[in-house]
Amino acid sequence: MSENRLAVVSIIVENREQSPQVNALLSEFGEFVLGRMGIPYKEKGVSVICVAIDAPTEVINKLTGKLGMLGGVTAKTLMHRQ
């Protein structure tokens, strides 16, 4: 695997029924997670999750891709330049 990179994965959950799957994926990649913050935004009916991660690029992309495949879930990644 390649060298680790620092990244932030931003997740918006529009379908609360997907929350267990989102949490399962974050647990699956838990060894790379530095921290996470979740904000339920009841007025808009969504939850916002920010995850700081230190992992190889392939792992970050895999997590983001799996999250994005869940219906009602959007995930985007911002990677630190190295």
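Each value in this text was obtained by applying a stated rule to the coordinates, not by laboratory testing. Computed from a predicted model, the values in this text were never measured in an experiment. All Cβ positions, even for glycine, are placed from backbone atoms using ideal geometry, and neighbour counts span all protein chains on display.
Summing Cβ point charges (Lys, Arg +1; Asp, Glu -1) relative to the Cα centre of the chain gives a dipole of roughly 220 debye.
If contacts are Cα pairs under 8 angstrom and at least 6 residues apart, what is the relative contact order of the chain in percent? Working shown, then result.
Values: 145 pairs, mean separation 39.5, N = 82.
It comes to 48 percent, rounded to a whole number.
A straight Cα-to-Cα reach below 19 Å connects Lys44 with the aspartates and glutamates Glu14, Glu17, residues fewer than 8 places away in its own chain not being considered.
Segment Ser10..Lys76, full-extension length gain: 23.2 nm, with 0.36 nm per residue of separation and the alpha-carbon distance subtracted.
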